[in-house]
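*Asks:* Structure provided below as structure tokens; questions to follow.
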Amino acid sequence: MTEKKRIPWIIQLLIIILLVFLCRTFVLGTITVKGSSMEPNFHHGDFVLVNKLAYHIGEPQKGDVAICWLDSGNRKENIIKRVIAVPGDEVDMRLKEDGWDWEYVLYINGEEQKEDYILEMVQQPGTIEYPFVVKENCYFVMGDNRNASTDSREATVGAIAKENVKGKVVFRFYPFDNMGVVKSRKER
């Protein structure tokens, strides 16, 4: 009988650590939601799984919940936002025609968007100039809690470059009563 060669346990452990490191760095990651900008769909403390590979092999789509790197001078952090518009889209915020309050409605390429998932009517259009055309390799992102979100509507943020869209949120681990697959929501 021949004896099988065994890999020493320390080498096995190092291989496992390397594989976990590579997976966490390039394929999957986790993030804890901070703040209220994505309410009512995500709350402060939610713990989510991020597919980091999704946007290396594909493009962000309207309605995706994405993790973006924000570097706007004094703010450097990962933020969770919804992709609202893709390269070439024209974004506009217009005062609601029949409203007496300051309520704004989102238009993409001239079409009013029906956003049944946002927390409340938008009362702050931001500081960018409308209509805003999303540049090539950039994405317009907004929080679902539009009145409490720093997002692409702000001139200091603007559209997010593709290299700063770090991954797609695909699963919520916590809270346990909301655990499950995160689905994209299409505007329209």
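*Asks:* What residue, among those in the range 42-74 that are part of a loop (DSSP other than H, G, I, E, B) and among the acidic types (Asp, Glu), is surrounded by the most Cβ atoms within 10 Å (Cβ to Cβ)?
*Replies:* Only one residue tops the list, namely 64.
*Asks:* Taking only the range 24-41 into account, find how many residues are buried (at least 16 other Cβ atoms within 10 Å of the Cβ) and among the β-branched types (Val, Ile, Thr).
*Replies:* The qualifying residues number 2.
*Asks:* If you scan the range 129-150, which residues turn out to be of a type in the set (Val, Ile, Thr) and at pLDDT 95 or above?
*Replies:* Those that are of a type in the set (Val, Ile, Thr) and at pLDDT 95 or above: 133, 134, 141.
*Asks:* Considering (1) crowded, with 18+ Cβ neighbours inside 10 Å; (2) among the hydroxyl-bearing types (Ser, Thr, Tyr); (3) closer than 22 Å to residue 52 by Cβ, say which one residue 149 fails and leave the rest.
*Replies:* Evaluating residue 149 over (1) crowded, with 18+ Cβ neighbours inside 10 Å; (2) among the hydroxyl-bearing types (Ser, Thr, Tyr); (3) closer than 22 Å to residue 52 by Cβ leaves (3) as the failure.
*Asks:* Consider the range 1-38. How many of its residues are modelled with pLDDT of 85 or more, within 24 Å of residue 176 (Cβ to Cβ) and not β-branched (Val, Ile, Thr)?
*Replies:* Of the residues in the range 1-38, 7 are modelled with pLDDT of 85 or more, within 24 Å of residue 176 (Cβ to Cβ) and not β-branched (Val, Ile, Thr).
*Asks:* State all residues of the range 39-66 that are closer than 27 Å to residue 176 by Cα, free of Cβ contacts under 8 Å to residues at least 24 places away in the same chain and aliphatic (A, V, I, L, M); if no residue qualifies, say none.
*Replies:* none
*Asks:* So residue 18 clears everything in (1) in a helix (DSSP H, G or I); (2) in contact with a Gly (Cβ under 8 Å, 6 or more places away or on another chain) except one condition, right? Which one?
*Replies:* Residue 18 satisfies all of (1) in a helix (DSSP H, G or I); (2) in contact with a Gly (Cβ under 8 Å, 6 or more places away or on another chain) except (2).
*Asks:* Among the candidates 118, 108, single out the residue that is surrounded by 14 or more Cβ atoms within 10 Å (Cβ to Cβ), in contact with an Asp or Glu (Cβ under 9 Å, 6 or more places away or on another chain) and closer than 18 Å to residue 43 by Cα.
*Replies:* 118
The values are calculated or read from the model by the stated rules, or taken from the named source; none is laboratory data. Keep in mind the model is a prediction, meaning the values are calculated, not measured. Here the Cβ is made from the backbone with ideal geometry for all residues, glycine too, and neighbour counts use every protein chain on show.
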